[in-house]
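Below you'll find the structure, written out as structure tokens, and then a few comments.
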């Protein structure tokens with residue numbers, strides 16, 4: 001009885017070893033990395049008239065926008081001031097579910113969101129890193 005069990009085990013090992021080796025080799029093949037999505041537009045919704053801390057956050061976000069979106073990057077930016085362009089701002093607020101000003105939404109050519117930052121998340125370093133990630 002022991003002899004048959006040993007033969008079955010050896011047969012099983014002989015059958016599954018090449019299969020496992022093949023799976024191992026397939027798993028270790030270099031994979032083609034997908035190109036990052038193409039950034040088409042950056043929508044920035046802010047307020048020029050607000051109270052206290054909200055206005056401070058928006059001013060900080062405005063500073064980031066001024067420093068980052070200049071030169072060739074300027075063409076990416078759509079700046080919307082809720083205080084003066086309520087209807088246009090509401091479209092973006094509803095479509096992208098913006099809950100806090102300022103808000104920065106990175107979009108591809110189809111209008112799909114690639115990345116977002118709201119409130120204190122509109123940070124110079126984060127925005128720069130994301131722009132580089134998306135090749136802008």
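Every number in this text was worked out from the coordinates using simple rules, so none of it is lab data. Keep in mind that this is a model prediction, so the values were computed, not measured. Every residue, glycine among them, receives a Cβ derived from its backbone with ideal geometry; neighbour counts consider all protein chains shown.
Worth a mention:
- By DSSP, the beta bridges lying fully in the stretch 41-133 are antiparallel in about 65 percent of cases.
- Sequence-separation-based contact order of the stretch 41-133, relative, with Cα cut under 8 Å and 6+ spacing, percent: 36 percent
- Residues 40, 75, sorted so that the one with the fewest Cβ neighbours within 10 Å comes first: 75, 40
- Gyration tensor (alpha-carbon) shape descriptor, the stretch 41-133, a/c threshold 1.5: oblate
- Between residue 51 and residue 83, full extension at 0.36 nm per residue minus the direct alpha carbon distance yields a gain of 10.3 nm.
- Förster radius 30 Å - calculated FRET efficiency between residue 90 and residue 63, Cβ distance, rounded to 0.05: 0.75
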